[in-house]
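Notes to accompany the following structure.
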Amino acid sequence: MASMDVPADLPKPRAEARPVAPPTLTWVTLALMTTASVASLRAAPTMAVYGLACVFLYLVPAIVFLLPTALVSAELASGWSGGVYRWVAEGLSKPLGFLAVWCQFAMTIFYYPSLLAFVASTIAFVIDPSLASNGLYTAIVIMVLYWTGVWVSSRGTKALAGLSSWGLIIGTLVPGTVLVVLGMVFLGQGNPSAAPMDASHLLPQWTGLASLVLIVNNFLSYSGMEMNAVHVSSLKNPAKEYPKSMFLAMGLVLLIFILPALAISWVVPADQLSLTAGVMQAFDAFFSYFNVGWMTPIAAIMLISASLGGMLTWLAGPSKGLLEISRSEGYLPPFLQKLNKFGIQQNILVTQGIVTSVIALGYALIPNVSSVYWIFSTITTQVYLIVYLLMFVAAMRLRKLKPDHPRGYRAPALGLICTVGLLSSLAAMFIGFVPPSQFGSGSVWSYILIVGGGLVILGLLIPWTFLKMRKPSWRTAAADAPHEGDAA
């Protein structure tokens with residue numbers, strides 16, 4: 001998962017510049033780019049808990065959320081440059097545009113602890129596997145790695161941009177393929193699967209709303225499609241090639257999500273599976289079975305490198321988009337708009353880091369690491385769903401208010417697609433307040449208060465406060481770029 005709508009810097013005109021034809025992408029290349037931005041192994045243990053039913057749990061959100069998001073964002077990107085702020089500002093209002101870009105940034109505050117908890121558990125398998133369930137250890141690793149990332153990002157290292165591409169290969173495709181191949185050989189040698197693989201287990205066992213909660217986490221797993229929608233104009237025939245590209249990307253993403261999750265369920269029983277360390281539990285079990293235990297640290301390093309590369313990419317992205325819009329429109333106080341000598345929004349990163357560190361302490365204070373991981377993942381999803389709710393409504397409004405505005409791609413049956421995406425996002429937000437079935441022993445109201453409090457405070461109250469306190473003097477870029485807000 002890696003979506004970031006960063007306003008692109010306008011290129012400076014050169015004295016004798018010749019017209020250059022717009023770059024073209026093949027629909028296969030765009031599908032691979034989309035796969036790289038969405039696919040990850042981090043969520044595999046969450047779905048492996050449900051065994052064969054993970055196929056259903058991945059397919060449902062792919063149809064009702066992933067596909068509508070891809071098609072709608074493609075139309076918006078082909079008509080209005082600048083990402084989600086511009087789309088929502090044009091279709092609804094600038095304050096709601098700020099809310100969208102704020103939520104896109106704010107979701108990372110809970111995303112980092114959950115991502116780095118996965119890293120901490122992976123590191124534990126190299127040092128001491130028992131540390132994977134130690135909350136204090138997890139909290140320390142989260143804070144150390146996050147602040148190291150802030151220091152690296154604040155120095156403006158441009159080479160970090162390539163880490164996400166390598167991350168797909170090193171931390172997703174290679175270990176994912178190894179995991180699946182080992183699993184197939186394991187079953188092929190006559191070993192029984194830890195999870196039932198018969199047709200009667202294709203659907204998750206119905207225990208009420210709690211049995212559907214894991215679908216919510218998959219909405220976050222699929223986020224990121226809107227990032228690559230900006231490339232729709234680079235296709236030779238967007239109307240025909242973009243849908244083909246998205247269907248191919250959906251197929252690849254589903255394979256990367258489903259097959260490793262199944263491989264984990266074959267070797268690690270659901271009642272022993274850690275939501276943070278499940279991938280390494282599976283590798284450890286397979287490597288021990290095949291007498292190649294020395295490969296466990298290698299797999300861990302590959303997963304760690306991909307996650308850290310993704311974190312560094314995210315640190316630089318959403319915060320920059322928020323900064324650019326705030327400087328032109330005055331959404332944030334000047335203190336948060338200041339840049340360091342490398343031109344990086346260091347004050348935003350540091351402020352975000354303080355909040356992230358406080359949140360990380362939850363791992364030290366709550367005994368069950370998997371429970372904390374799940375709660376943070378759910379809050380992340382809830383905050384991010386606000387972005388998509390605004391995007392779907394804005395798309396319908398723009399089709400109605402500006403039907404003749406030039407668009408390189410027009411989504412078929414836009415109203416229906418937006419309605420499906422809107423209703424599925426609302427349903428996911430509602431279901432997110434229901435504790436998952438495997439955590440039924442905890443307090444339901446405590447869970448609702450934590451998730452609801454995170455959503456209201458981070459996703460609504462803070463941006464509303466900034467808008468109410470907003471002053472004309474906060475427009476720090478107004479003098480030299482009076483129209484930057486319109487292009488953002």
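The values are calculated or read from the model by the stated rules, or taken from the named source; none is laboratory data. Treat the numbers as computed from the prediction; the structure is a model and nothing was measured. Neighbour counts are summed over all protein chains in view; Cβ atoms, including those assigned to glycine, are modelled from backbone coordinates with ideal geometry. Please note that ligands, DNA and RNA were not included when accessible areas were found on the heavy atoms of the full protein model with its side chains. Shrake-Rupley method; radii C 1.70, N 1.55, O 1.52, S 1.80 Å.
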Next item on the list: Looking at (1) under 18 Å from Ala39 (Cα atoms); (2) hydrophobic (A, V, I, L, M, F, W, C); (3) free of Cβ contacts under 8 Å to residues at least 24 places away in the same chain, find the lone condition where Trp294 falls short.
Entry: (1)
Check: In segment 103-133, what count of residues is obtained for those that are open to solvent by 30 Å² or more (accessible area, probe 1.4 Å) and among the polar types (S, T, N, Q)?
Finding: 2
Next item on the list: Please work out which one of (1) modelled with pLDDT under 80; (2) surrounded by fewer than 24 Cβ atoms within 10 Å (Cβ to Cβ); (3) not aromatic (Phe, Trp, Tyr) is the condition Pro269 fails and give its number.
Entry: (1)
Next item on the list: Inspect segment 76-96 for any residue being of a type in the set (Lys, Arg), open to solvent by 30 Å² or more (accessible area, probe 1.4 Å) and modelled with pLDDT under 85 and give the result as yes or no.
Entry: no
Notebook entry, point to check: Of the residues Val64, Val55, which single one is among the β-branched types (Val, Ile, Thr) and more than 19 Å from the chain's Cα centre (by Cα)?
Noted result: Val55
Next item on the list: Confirm whether Gly459 is touching a Cys at 6+ places or on another chain (Cβ under 7 Å), at pLDDT 85 or above and more than 30 Å from Ser245 (Cα to Cα).
Entry: yes
Check: Of the conditions (1) in contact with a helix residue (DSSP H, G or I) (Cβ under 8 Å, 6 or more places away or on another chain); (2) at pLDDT below 85; (3) open to solvent by 10 Å² or more (accessible area, probe 1.4 Å), Leu136 fails just one. Which one is it?
Finding: (2)
Note to self: Within segment 378-401, take every residue that is in contact (Cβ under 8 Å) with a residue 12 or more places away in the chain and more than 30 Å from Leu458 (Cα to Cα) and give me the one that is least open to solvent (accessible area, probe 1.4 Å).
What the structure shows: Arg399
Notebook entry, point to check: Say we look at segment 425-456 and pick out the residues that are of a type in the set (Val, Ile, Thr) and surrounded by fewer than 16 Cβ atoms within 10 Å (Cβ to Cβ); which of these is modelled with the highest pLDDT?
Noted result: Val456
Next item on the list: Could you grab me the full set of residues in segment 34-52 that are of a type in the set (A, V, I, L, M) and over 24 Å from Thr69 (Cα atoms)?
Entry: Ala48, Val49, Leu52
Notebook entry, point to check: Of the residues Leu349, Leu315, Leu416, which is crowded, with 20+ Cβ neighbours inside 10 Å and modelled with pLDDT of 80 or more?
Noted result: Leu349
